[in-house]
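Heads up, the thing below is written out as structure tokens.
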């Protein structure tokens, strides 16, 4: 890489699309954590138990691990769209496990 000499009191800042993507990705990670916390609080209120929602939310780590393994095996990057798909898959899995636990009668406690 060629070195470029800049006049005194000048600096170079690399930003643009990369910076916007990083900001959006960080915002989605924070939002994902907040949503998981809110889902946990709602399930604790629904089931009146701390353990059943924890068991359901442990599936989130399985979803995340499976998605990351799938991205690795297909040589796909962990980009913005992949993270959106992981968030959607997390919602689907948590919803299905919630429905299964309600049908099993765990919501009566």
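Each reported figure results from applying straightforward, stated rules to the coordinates on display, with no laboratory input. Computed from a predicted structure; not experimentally measured. Don't worry about glycine lacking a Cβ; one is built from the backbone with ideal geometry, like all the others, and counts go over all protein chains shown.
The figures follow:
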{"quantity": "Per-selection Rg to Rh, the chain - Cα, Kirkwood hydrodynamic radius", "calculated": "1.23"}
{"quantity": "0 to 90° range, to nearest 10: angle between helix 17-47 axis and the chain longest Cα axis", "calculated": "10"}
{"quantity": "Pairwise centroid distance, computed over Cα atoms, of the range 84-106 with the range 1-63, Å", "calculated": "21"}
{"quantity": "Full-stretch length increase - residue 61, residue 99 - with 0.36 nm per residue and alpha-carbon distance subtracted", "calculated": "11.8 nm"}
{"quantity": "Theoretical FRET efficiency, 1/(1+(r/R0)^6), r = Cβ-Cβ of residue 49 and residue 21, R0 41 Å, to 0.05", "calculated": "0.55"}
{"quantity": "Helix-only CD estimate at 222 nm, as mean residue ellipticity for the chain, using -39500 (n - 2.57) per DSSP H run (n ≥ 4)", "calculated": "-25500 deg cm²/dmol"}
{"quantity": "Mean separation of Cα contacts under 8 Å, 6 or more apart, over the residue count of the range 20-108: relative contact order %", "calculated": "33"}
